[in-house]
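Below is one structure, written out as structure tokens; the observations come after it.
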Amino acid sequence: MMKIWSIMKRVVQQFVNDKRSLALLVVAPLFVLTLLWVVLDIEKYEPTILLTDVPDQLTDALKKEDATLETMSIDKAETALKANEADAHIRLTDGELQITMEGSNPTATKRVQQVLSQGMQTLNPKATDTEVNFLHGSDDLKAFDNSGPALVGLFVFFFVFLLSGVTFLRERTQNTLERLLATPLKRWEIVLGYLGGFGIFIVIQSVLIVLYAVYALGMYMEGSIISVLVITILLALVAQSLGTLLSAFAKNEFQMIQFIPIVIVPQVFFSGIFSTEQVDWIHVISKVMPLTYGSDALKAIMLRGQGMGDSLLEIGVLIGFFVVFLTLNITALKKHRRI
């Protein structure tokens, strides 16, 4: 019995002294549960509908539904719809209602259809469905098609982050990095060498994931596959540089895995996989997450058929993240050598 007690006492002392493991055990589940509560408890999506020359009776009927209505000219409405600033445009032409959906978000499309159906039924219970045109996508666009670009970015980011961090950590724990630091090589040369070596496999992985998602799983693709590959590889480079950076603060693989609830999980909930656009504070938090910019750029290309020229902001921010993490990687090596 004393032997069992001794083992228990040693395990408890070891666990109590490991603050990271203790935090992972207590704080991480509560943190993830809170994120799930925030995302899944969001109120019903309120679509933005643009109106041009729509009869007052229909406008009054739509005002009773949970929707934001804006009246504007045809040109301004079409521009707003192309910029993804609205979910639908309704106009009266030659006595007939014409409805154009933005179409890239199935949740928004479904809510617009519900609002229109309820508004029409209020005016005329026998009203038949009006023909709907789609600027992007179609009526049968699935949730997987909408979340697909964000999922591609997430899986690339997650696996590259984890593998880069663990691999670089092994280089340190097996003293390979220490031997390199003992050579005349400069710190930035060592960092670039590691990133370049890992980068070959990152490119291969990114290409395989994108090609499998698009051609094997049939994920919706309206833009250029080359543009998708460029964004995906850029996102992978950010994940690689972040993974190697955080590995400098881990002593073993288990501690590296402990970064996942802090670094990866929040990006899963706030970077575009779930519809959180109507919550302003989530929108602000998402702006500090690299995956948000990768996801936005991939959605613009895959769902709306835009080119990389339309995603220069997202590309610039991803490059900025990479440069910052690269610089911090070089600085972090000062812990081992100051030259």
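If you take the residues in the stretch 301-317 that are among the hydrophobic types (A, V, I, L, M, F, W, C), touching a helix residue (DSSP H, G or I) at 6+ places or on another chain (Cβ under 9 Å) and modelled with pLDDT of 90 or more, which one is farthest from L81 (Cα to Cα)?
V317
Being part of a helix (DSSP H, G or I) and open to solvent by 10 Å² or more (accessible area, probe 1.4 Å) is the filter; apply it to the stretch 274-283 and report the residue that is modelled with the lowest pLDDT.
My answer is D280.
Looking at the stretch 284-339, which of its residues are of a type in the set (D, E, K, R), surrounded by 14 or more Cβ atoms within 10 Å (Cβ to Cβ) and part of a helix (DSSP H, G or I)?
Once the filter is applied, which keeps residues that are of a type in the set (D, E, K, R), surrounded by 14 or more Cβ atoms within 10 Å (Cβ to Cβ) and part of a helix (DSSP H, G or I), the stretch 284-339 yields D296, K299, D310, E314.
Does any residue in the stretch 177-206 that is closer than 18 Å to A332 by Cβ come within less than 8 Å, Cβ to Cβ, of a residue that is of a type in the set (D, E) six or more places away or on a different chain, and which pairs are these?
Once the first residue is closer than 18 Å to A332 by Cβ and sits in the stretch 177-206, its partners that are of a type in the set (D, E) give L177/E171; Y194/E171.
Of (1) surrounded by 16 or more Cβ atoms within 10 Å (Cβ to Cβ); (2) not in a helix (DSSP H, G or I), V115 satisfies all except one. Which?
(2) is the only condition that V115 fails.
Among the residues of the stretch 288-313, write down those that are free of Cβ contacts under 8 Å to residues at least 24 places away in the same chain and closer than 21 Å to G223 by Cα. Spell out the reasoning first.
The initial filter retains those residues of the stretch 288-313 that are free of Cβ contacts under 8 Å to residues at least 24 places away in the same chain, namely 288-289, 309-310, 312-313.
Across the stretch 288-313, the qualifying residues are G309, D310, L312, L313.
For the stretch 1-44, what are the residues that are closer than 22 Å to S275 by Cα and polar (S, T, N, Q)?
Selection gives T34 alone.
The values are calculated or read from the model by the stated rules, or taken from the named source; none is laboratory data. Note that the coordinates shown come from a computational prediction; the quantities given were computed from them, not determined experimentally. Cβ: placed from backbone, ideal geometry, glycine included. Neighbour counts: every protein chain shown. Keep in mind that these areas ignore ligands, DNA and RNA; they rest on the heavy atoms of the full protein, side chains included. Shrake-Rupley method; radii C 1.70, N 1.55, O 1.52, S 1.80 Å.
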